[in-house]
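One structure is given below, encoded as structure tokens.
The values are calculated or read from the model by the stated rules, or taken from the named source; none is laboratory data. Here the structure is a predicted model, which is why all the values come from computation and not from measurement. Cβ placement follows ideal geometry from the backbone for every residue including glycine, while neighbour counts extend to all protein chains displayed.
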Amino acid sequence: MFGIGLGEIAVIFVVALLVFGPERMPGIARAVGRAVGELRRALTDAQTDIINQVKTETPQQAKTEPPKPPAPSAPVPGPISDPIKAFFTPQEGAASISQGEGAEKK
């Protein structure tokens, strides 16, 4: 099942019996059984749908190339010859605080 042995199931049953009591245990067991059944049915349906989809896929559809990504709108910069100089050099349009632009006035 889930790697749970008979001993672990017995311990879980005894703890559930102590927590919920003997009156509510049949109803809880019924609800858990229904939930497990619905989960199994849903998983089987999903597996069947996937298998049918794979079987109905034509060989032409399987061989088509994926769409190519769109071209970038801005040119991609090339490698930087001196990364330290490029890091400390202000770029065009960048405001410089040392020149007084962007500094708060009191």
Q: Kindly indicate which of ALA42, ALA86, ALA35 is in a helix (DSSP H, G or I), of a type outside the set (Lys, Arg), surrounded by 10 or more Cβ atoms within 10 Å (Cβ to Cβ) and modelled with pLDDT under 70.
A: ALA86
Q) Within the stretch 17-26, is even one residue at pLDDT below 65 and either surrounded by 10 or more Cβ atoms within 10 Å (Cβ to Cβ) or part of a loop (DSSP other than H, G, I, E, B) (or both)? A) no
